Amino acid sequence: MGWNSWNKFAGRVDDAAVRGMADAMVRSGMKAAGYKYINIDDTWEGVRDAQGVIHSNKKFPDMKALADYVHGKGLKIGIYSSPGAETCAGYEGSLGHEEQDARTFAAWGIDYLKYDWCSASALYSNDDMHALYQKMGDALRSSGRPIVYSLCQYGRADVWKWAPEVSGNLWRTTDDIRDNWESMSRIGFSQIDIAEWGKPGHWNDPDMLEIGNGGMSDVEYQTHMSLWAMLAAPLLAGNDLRDMQPSIHAILTNRDVIAVDQDAKGTEARRVSASRDTGVWIRDLSGGDRAVAIFNRAAMAGKVTVKLADFGLKAPAHAKDLWTHKNVALAGAEYAVEVPGHGVVMWRIRPTQLQSDAAGGAVDLPHQTGIIGHFR
């Protein structure tokens with residue numbers, strides 16, 4: 001969980017913006033909600049000196065001082081490079097300098113590396129990916145500092161099958177996300193078929209969040225957050241944290257939804273029913289809980305009928321709606337749910353014996369006050 005500069009700033013990111021995001025992450029309560037990493041994407045790179053050591057450019061006059069500042073806020077800091085000669089934006093890559101760059105990153109105090117394929121494709125084929133990512137993975141492991149390793153090669157070569165072997169902690173499974181419904185929904189709803197490859201410490205990554213960047217409605221952003229939570233995906237915000245609207249802040253810091261994403265069991269959701277416009281997903285959580293997401297991909301609101309048997313439950317059952325924070329009584333074998341256009345209804349359901357008192361009444365399912373599980 002954290003923030004990445006690219007979606008909002010692209011090549012405009014600089015030292016001041018990164019410090020401002022660190023300040024805002026703490027001030028806004030995002031740190032308290034579990035967000036931890038402040039990640040600098042492409043365009044920080046300067047030139048190499050006579051010994052081949054990489055230096056940051058004038059936008060980042062002192063990377064070690066910046067890392068110290070972020071650490072002083074109780075946060076972690078990430079950086080970006082490529083196995084090719086150049087990054088996506090044409091800056092210096094790590095080709096031929098993997099061990100040297102890993103040592104430099106460690107000396108600066110870097111906690112996270114996003115490693116983007118980009119120009120490597122001009123020299124290598126997909127068959128070479130494993131070895132090239134292994135080289136940086138080995139370099140990070142030898143750097144003397146624990147550094148999260150994020151593979152960014154757009155889901156090519158079935159990366160989810162071999163990324164853990166090269167010390168990958170997360171790996172991109174798609175092309176770049178865009179801040180619109182078509183892009184977000186296409187990516188999010190296509191991930192469930194590779195769910196088996198995600199597990200604690202090693203995560204499928206459908207790309208960063210676009211929540212708050214203005215291209216979607218709040219309802220669509222709720223769907224975005226719900227999809228990523230059901231997928232146990234990394235939650236890397238990509239908006240300007242310094243001036244969030246209250247509704248965007250509420251989406252990004254919804255602790256009930258975050259608790260689903262960060263659940264210690266680490267399993268991803270499975271689809272229990274689907275039609276052209278609707279789908280019902282279920283995710284098994286620690287302690288026997290289940291998360292249920294009912295999606296409506298149509299532009300107009302509509303009713304979706306869910307069957308308790310699909311969740312392995314019998315009536316009566318009780319759930320908590322994770323967006324309204326209200327309890328829901330599921331009295332019969334089927335339950336009709338009104339779902340907004342491009343929207344979602346998301347529940348957390350507990351085992352029956354924990355949901356009902358002796359008289360069969362509902363017990364409140366409390367709002368999550370802490371984050372469960374492994375940080376991404």
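Structure above, values below:
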{"read-out": "Loop-located trypsin sites (Lys or Arg not before Pro) in the range 1-65 whose Cβ has at most 10 other Cβ within 10 Å (DSSP)", "value": "Lys58"}
{"read-out": "Radius 13 Å from Cβ of Gly96, net charge of other residues (Lys, Arg +1; Asp, Glu -1)", "value": "-3"}
{"read-out": "Highest-MSF residue in the chain out of Asn204, Asn169, Asn327 [GNM, Cα springs under 10 Å]", "value": "Asn327"}
{"read-out": "Förster radius 30 Å - calculated FRET efficiency between Ser217 and Asp128 (Cβ-Cβ, nearest 0.05)", "value": "0.10"}
{"read-out": "Label-point separation, Arg27 to Lys303 (7 Å along Cα→Cβ), nm", "value": "4.8 nm"}
{"read-out": "Selected from Thr104, Thr305, Thr43 as most flexible by GNM, with the chain as the system and alpha-carbon contacts under 10 Å", "value": "Thr305"}
{"read-out": "Virtual paramagnetic centre 7 Å along Cα→Cβ of Ser275, amide N under 18 Å, in the range 325-341", "value": "334-341"}
{"read-out": "Spatial separation of Cα centroids for the range 16-84 and the range 264-318, in angstrom", "value": "38 Å"}
{"read-out": "Contour excess over end-to-end distance, with Cα ends at Ala333 and Asp284 and 0.36 nm allotted per residue", "value": "15.6 nm"}
{"read-out": "Among Leu231, Leu95, Leu322, residue whose mean-square fluctuation peaks in a GNM of the chain (springs only between Cα atoms under 10 Å)", "value": "Leu95"}
{"read-out": "Prolate/oblate/rounded call for the range 156-254, Cα gyration tensor, a/c under 1.5 rounded", "value": "prolate"}
{"read-out": "Angle in degrees between helix 63-72 and the longest Cα principal axis of the chain, rounded to the nearest 10", "value": "30 degrees"}
{"read-out": "Cα-based helix-to-principal-axis angle, 218-230 vs the chain, degrees rounded to 10", "value": "80 degrees"}
{"read-out": "Using a Förster distance of 45 Å, the FRET efficiency for Ala264-His55 (Cβ separation, nearest 0.05)", "value": "0.65"}
{"read-out": "Antiparallel content of DSSP bridges confined to the range 2-261, in %, to 5", "value": "15 percent"}
{"read-out": "Dipole magnitude (debye, nearest 20) for the range 270-355, charges at Cβ of Lys, Arg, Asp, Glu", "value": "140 debye"}
{"read-out": "Lys, Arg +1 and Asp, Glu -1 on Cβ, resulting dipole of the chain about Cα centre, debye, nearest 20", "value": "900 debye"}
{"read-out": "Under 22 Å between alpha carbons - lysine pairs in the range 209-347 that sit 8 or more apart or on different chains", "value": "7"}
{"read-out": "Gyration tensor verdict on the range 250-329 (Cα atoms; rounded if a/c is under 1.5, prolate if a/b is larger than b/c, oblate otherwise)", "value": "rounded"}
{"read-out": "Sites Arg145 and Thr324, calculated FRET efficiency, Cβ-Cβ separation with R0 51 Å, nearest 0.05", "value": "0.75"}
{"read-out": "Among Val272, Ser190, Leu227 the positive-end extreme of the charge dipole of the chain (Cβ point charges)", "value": "Val272"}
{"read-out": "Proximal lysines relative to Lys64, as straight alpha-carbon distance under 19 Å, when same-chain residues fewer than 8 apart are discounted", "value": "Lys36, Lys73, Lys76, Lys114"}
{"read-out": "Debye intensity ratio in log₁₀ form over the Cα atoms of the range 1-89, taken at each q of 0.13, 0.23 Å⁻¹", "value": "-0.43, -1.16"}
{"read-out": "Proportion of all alpha-carbon pairs of the chain beyond 32 Å (%)", "value": "34 percent"}
{"read-out": "The chain - percent relative contact order, Cα under 8 Å, separation 6 or more", "value": "13 percent"}
{"read-out": "Alpha-carbon gyration tensor eigenvalues x 5, square-rooted, for the range 84-186, Å", "value": "23, 15, 15"}
{"read-out": "Helix 98-108 vs. the chain, principal-axis angle (Cα, 0 to 90°, nearest 10)", "value": "80 degrees"}
{"read-out": "Residues whose placed amide H lies under 5 Å from that of Gly46, excluding near-sequence neighbours", "value": "His55, Ser56, Asn57"}
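Every number here is computed from the coordinates shown, using simple stated rules; none is lab data. As the structure is a computational prediction, the values presented were derived from the model and not from experiment. FYI the Cβ positions are ideal-geometry reconstructions off the backbone, even for glycines, and counts take in every protein chain you see.
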